[in-house]
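Peer 1: Let me begin by handing over the structure; questions about it come next.
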Amino acid sequence: MELERVSRGKALLTPGGWVETSVADVRLEMGAGSGEPPREAVLHIGSASVPVRVRPFGPVHAAGGACAVRLVLARALPLRVGDRALLRCSGRPITGVVVLDVLPSPLRGRGAGTRRAAELAPFAASDRATARMPDAATVLGWRGMVRRSELVAMGLDPLDVQVAMGLDPRPLDVPGAGDWLVDAGRWKELGERLGAIVAEQPGIPVDAARTALGLPARELVEALVRACPPLRVSDGRIDGDRVPGAVAEAVGRLREELARAPYLAPEAARLPELGLTRQAVALAARAGLVLRLADGVVLLPGADVAAARVLARLPQPFTAGDARAALGTNRRVVIPLLEHLDRLRLTRRLDERLRVVTDLEEGPL
């Protein structure tokens with residue numbers, strides 16, 4: 001470092017080993033009867049002195065004068081949980097400061113300050129002998145999600161999280177992935193939200209799910225899928241075998257409608273009336289509850305093999321018209337059905353008009 005860059009209040013830091021912050025939640029250790037804390041003061045820590053704005057979260061304790069406040073620093077300082085400092089304001093006694101949180105969340109919405117006061121209350125006790133300090137598990141609970149490396153930079157031990165959860169501290173068993181740790185309650189909530197998203201959007205891309213869940217890393221989504229069977233990732237998309245009750249009921253209505261004419265698929269406009277929206281059809285098809293031949297053409301599973309057996313009784317070769325009559329359906333259904341049978345090699349095209357059903361030696365029949 002060039003000497004001209006060194007000045008009073010500067011600190012030599014290990015890269016990535018400290019959190020430099022301009023906002024911190026702290027405990028003020030004021031003398032009894034000191035009254036309300038100042039709104040503007042100067043923070044002294046080490047050789048640094050930085051102007052700060054002070055926002056109290058709650059009333060000062062009458063005995064001991066301790067309270068939790070938020071400090072907004074005029075410039076960022078490298079701080080850690082548990083650091084001690086002094087707060088000076090002209091005409092007031094010097095106040096002791098203990099750092100409780102070096103990366104607090106913004107206060108947004110009505111009552112945010114009151115909620116934060118409740119979170120900090122156990123660490124703003126007036127009795128210094130019994131006052132607690134936040135640990136890694138506490139900070140994880142506040143944030144819901146945090147990096148291990150960030151906890152270390154805050155001066156906290158990530159292994160405290162396992163101890164608080166009653167887990168063997170080695171290896172690390174806290175929910176999360178890579179460098180990320182996730183609070184157990186938040187992890188459960190994320191799993192429930194992911195299940196609901198996949199139910200509404202089966203086959204959703206992993207990155208789209210990450211955005212919908214507000215997660216900072218793709219690896220967290222993949223870990224969440226592994227923790228929520230039967231969800232699974234395939235070709236970068238998330239699927240699942242579970243279907244909502246409403247979809248299962250809609251499939252039941254489709255089954256009733258196809259009972260007399262199994263190959264006369266409902267018109268596309270009829271499907272939503274049965275409860276089979278595009279999303280519901282996609283989810284049911286992935287779960288194997290319906291056979292989707294084309295957009296708006298849906299039959300029951302197994303209808304393809306059964307159709308091939310009916311067609312095998314026709315004089316070979318046969319036309320699409322022959323198949324339509326034999327199956328009691330219409331052209332809207334029979335064309336995608338025959339194309340589906342071709343892909344399964346249950347039928348084989350001879351030319352533009354004629355097909356044959358594959359025999360036992362050539363195909364599944």
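Peer 1: Using only protein heavy atoms and a 1.4 Å probe, report how much of residue 45 is accessible, in Å² to the nearest 10.
Peer 2: Approximately 30 Å² for this residue.
Peer 1: Collect residues whose amide H, placed 1.01 Å from N in the peptide plane, falls under 5 Å from the amide H of residue 147; neighbours closer than 5 in sequence don't count.
Peer 2: Long-range HN contacts for residue 147: 181.
Peer 1: Can you give the FRET efficiency for residue 227 and residue 330, using 1/(1 + (r/R0)^6), R0 = 45 Å, r = Cβ-Cβ distance, to the nearest 0.05? Each step should come with its number before you reach the end.
Peer 2: Numbers: r = 46 Å, r/R0 = 1.03.
The value I calculate is 0.45.
Peer 1: Here is a follow-up. Probe 1.4 Å, all protein chains in place: accessible area of residue 222 in Å², nearest 10?
Peer 2: 60 Å²
Peer 1: Can I ask one more? Over the range 206-263, average the accessible area per residue using a 1.4 Å probe and give it in Å², no decimals.
Peer 2: Working: 3170 Å² over 58 residues.
Counting only protein heavy atoms, the per-residue value for the range 206-263 is 55 Å².
Peer 1: Right, next: Students sometimes get this wrong: rank 67, 89 by accessible area, probe 1.4 Å, all chains present, largest first. List each step's numbers first, then the result.
Peer 2: Details: 67 5, 89 35 Å².
Descending order: 89, 67.
The values are calculated or read from the model by the stated rules, or taken from the named source; none is laboratory data. What you see is a predicted model; the values in this text were computed from it and never measured. Note: ideal-geometry Cβ built from the backbone for every residue, glycine included; neighbour counts use all protein chains shown. All accessible areas refer to the heavy atoms of the entire protein, side chains included, with ligands and DNA or RNA removed. Shrake-Rupley method; radii C 1.70, N 1.55, O 1.52, S 1.80 Å.
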